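Just passing along the structure, written as structure tokens.
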Amino acid sequence: MSAATVGEALDARPVESASLLLREATVLDPVAGIDAHHDVVIRDGRIAELAAPGTVDDDSLETIDAAGLHAFPAFFDPHVHLRVPGQEHKEDIETGTRAAAAGGYCGVIAMANTTPPVSTAADVEALREAAREGASVPTGFLATVTRGMEGAELTDMSELREAGALGFSDDGLPIRSARIMRRALQYQRLCGGTIALHEEDPELSGEGVMHEGPVSAALGLTGVPSVSESTMIARDAELARYEGGRIHVQHLSAAESVEAVRAARAAGVEISAEASPHHLCLTDEAVRSLDASRHKMNPPLRAESDREALIEGLRDGTVDCIATDHAPHAPEEKEVPFEGAAMGVTGLETAFAAIHTDLVLPGTIELSLLVERLAGGAAPFGLERPTLAPGSEANIALCDLAAEWTVGEDGYESRSSNSWCAGRELTGRVVVTIAGGGVAFRLRSFSMGVAS
Ligand SMILES: [Zn+2]
Ligand SMILES: [Zn+2]
């Protein structure tokens, strides 16, 4: 049975199917085994052909001179906060998915910790309708595991699935009760839908505002120990194994957590995991900066040894995918002293460029690994991985790896500006995004070559 594509399964504003020629692009799709120069022919929203470079001449196609540019399978983010309903002053479906398109994404999954949380079939239906009116890229929605995210009572998971919820998560909060978690896994057997988990033991994280370690001690701030995360992963992996469930661990931050996922997978648990760009690129040293609130998130930035373990997890596949946990906040919630600042940072517009700059260019990871993991978030939710294989739905990120740009200098597509790398100069930029078969983004300053 083949999985549905992002364009088939998720909701977006209708767009014209693309018919384009990416002339002389460097095409890289590590999973499909494609790494060569090609004329990429896109007809009616599908990849029709990967032809020898410079050989296609077709007046019916709009031609983009892609010599020197890289065509990757577009990225997929299984963890974003679009803030709808209830916090539209931070983000909405239009602005959040425009940010995704600008970042090279062909699809995103929105979290359910909105105001109020997404706990009823009517909530899911309203969001899907809004996405069909305003989403620039195909968008899926999770519903909460517990009613109102209160942790006490399960939602009607079957009804939520029938309404189109892609899966379930109380992200923002852990599922405190093992009994409730077990019941959710039992219902999952009946209705499907991956359960995505924000793993944190509130008894251990307490009032912590950053990673517990030498930096928190030096700054006199309350820390969150890394075992706050890994002990909950171990608990939920055991429950998933016992019930035959399917879980996805969100925003891994600690070495112990990578090890817990690795051990669970080796024991046969159906478990997948994500890591965020900020946890892959930064450590808790960033909290020493004057701009510390920009580096406040949950889970917190951790130690260098944790960052290295996450990178090793990316390499060996323990970390299936990179997810931004794009979390827009208003300035008045971030531009306050560290201890009182809101948790979370934006990331959709910078994920590729930041990791390319911080990990690929210095030689820490290969470009092909980055490309593979940025598109790795679809499969854990039962969707077909974006691919450049001929015959596939066109989901393409066309990137200029040499482009240098300063984050935020031209503003953001997101309504919020709490980017963790604001003001940084990055190398590598998405210039065109094709999502679900249609053109979702063109960088304003990018000349589109000569149309016929
Ligand atoms: Zn979370
Ligand atoms: Zn989140």
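The values are calculated or read from the model by the stated rules, or taken from the named source; none is laboratory data. Everything quoted here is computed from the prediction, not taken from an experiment. Quick reminder, even Gly has a Cβ in these numbers, built from the backbone with ideal geometry, and neighbours come from all protein chains shown.
Given the criterion among the charged types (D, E, K, R), closer than 19 Å to S205 by Cβ and at pLDDT 95 or above, identify the matching residue among E229, E304, E243, E285.
Testing whether each residue is among the charged types (D, E, K, R), closer than 19 Å to S205 by Cβ and at pLDDT 95 or above leaves just E229.
Between E372, E312, E349, which is more than 16 Å from ligand 1 (Cβ to nearest atom), closer than 21 Å to M111 by Cβ and outside any strand (DSSP E or B)? Full working, then the answer.
Details: E372 fails: closer than 21 Å to M111 by Cβ; E312 fails: closer than 21 Å to M111 by Cβ.
That would be E349, the only listed residue that is more than 16 Å from ligand 1 (Cβ to nearest atom), closer than 21 Å to M111 by Cβ and outside any strand (DSSP E or B).
For segment 170-202, enumerate the residues that are among the polar types (S, T, N, Q) and away from ligand 2 (no atom under 16 Å from the Cβ).
Correct list: S177, Q186, Q188.
For segment 78-104, give me each residue that is within 16 Å of ligand 2 (Cβ to nearest atom) and in contact with an Asp or Glu (Cβ under 9 Å, 6 or more places away or on another chain).
Those that are within 16 Å of ligand 2 (Cβ to nearest atom) and in contact with an Asp or Glu (Cβ under 9 Å, 6 or more places away or on another chain): P78, H79, V80, H81, L82, R83, V84, K90, G96, A99, A100.
So for segment 44-60 (the condition being in contact with a Phe, Trp or Tyr (Cβ under 7 Å, 6 or more places away or on another chain), in contact (Cβ under 8 Å) with a residue 40 or more places away in the chain, surrounded by 14 or more Cβ atoms within 10 Å (Cβ to Cβ) and under 19 Å from E372 (Cα atoms)), does at least one residue qualify? So that I can check it myself, show each step before the final result.
We begin by selecting, within segment 44-60, every residue in contact with a Phe, Trp or Tyr (Cβ under 7 Å, 6 or more places away or on another chain); these are none.
No, that holds for no residue.
D39: part of a strand (DSSP E or B) and closer than 18 Å to A435 by Cα, yes or no?
No.
Considering each residue of segment 300-340, count those that are buried (at least 23 other Cβ atoms within 10 Å of the Cβ) and either within 15 Å of the chain's Cα centre (by Cα) or more than 20 Å from G376 (Cβ to Cβ) (or both), and give that number.
16
Being acidic (D, E) and in a loop (DSSP other than H, G, I, E, B) is the filter; apply it to segment 375-412 and report the residue that is surrounded by the fewest Cβ atoms within 10 Å (Cβ to Cβ).
Going residue by residue through segment 375-412, those that are acidic (D, E) are 384, 393, 400, 404, 409-410.
Next, from what is left, pick out any that are in a loop (DSSP other than H, G, I, E, B): 384, 409-410.
Details: E384: 19, E409: 9, D410: 11.
Among them, the one singled out is E409.
Select, from S226, S177, the only residue that is among the hydroxyl-bearing types (S, T, Y) and either within 14 Å of ligand 1 (Cβ to nearest atom) or farther than 26 Å from A110 by Cβ (or both).
Every option except S226 fails the conditions.
Return only the number of the condition from (1) touching a residue at least 60 places away in the same chain (Cβ under 8 Å); (2) within 16 Å of ligand 1 (Cβ to nearest atom) that S257 does not satisfy.
Unmet condition: (1).
Quick check on segment 224-234. Is at least one of its residues outside any loop (DSSP other than H, G, I, E, B) and under 20 Å from the mean Cα position of the chain (by Cα)? Reasoning before the result, please.
Initially, segment 224-234 is screened for residues outside any loop (DSSP other than H, G, I, E, B), giving 224, 227-234.
Okay, now just the ones that are also under 20 Å from the mean Cα position of the chain (by Cα), so 229, 233.
Yes, the conditions are met somewhere in segment 224-234.
Filter segment 134-158 down to residues that are surrounded by fewer than 24 Cβ atoms within 10 Å (Cβ to Cβ) and either more than 15 Å from E91 (Cα to Cα) or within 16 Å of ligand 1 (Cβ to nearest atom) (or both), then give me how many there are.
Step one: list which residues in segment 134-158 are surrounded by fewer than 24 Cβ atoms within 10 Å (Cβ to Cβ), which gives 134, 146-154, 156, 158.
Those still in the list that are either more than 15 Å from E91 (Cα to Cα) or within 16 Å of ligand 1 (Cβ to nearest atom) (or both) too: 146-154, 156, 158.
Here the count works out to 11.
To continue, here is another question. Here is a list of conditions, (1) aliphatic (A, V, I, L, M); (2) farther than 23 Å from E259 by Cα; (3) away from ligand 1 (no atom under 16 Å from the Cβ); (4) crowded, with 17+ Cβ neighbours inside 10 Å, and V209 meets all of them except one; can you say which number that is?
Just one mismatch for V209, condition (3).
Restricting attention to segment 241-295, report how many residues are assigned to a helix (DSSP H, G or I), polar (S, T, N, Q) and more than 24 Å from A375 (Cα to Cα).
Qualifying residue count, segment 241-295: 1.
Say whether the condition of being of a type in the set (A, V, I, L, M, F, W, C), away from ligand 1 (no atom under 16 Å from the Cβ), buried (at least 24 other Cβ atoms within 10 Å of the Cβ) and in a helix (DSSP H, G or I) is met by at least one residue in segment 111-133.
yes
If you scan segment 315-337, which residues turn out to be assigned to a loop (DSSP other than H, G, I, E, B) and more than 20 Å from S293 (Cα to Cα)?
Once the filter is applied, which keeps residues that are assigned to a loop (DSSP other than H, G, I, E, B) and more than 20 Å from S293 (Cα to Cα), segment 315-337 yields G317, T318, V319, D320, A323.
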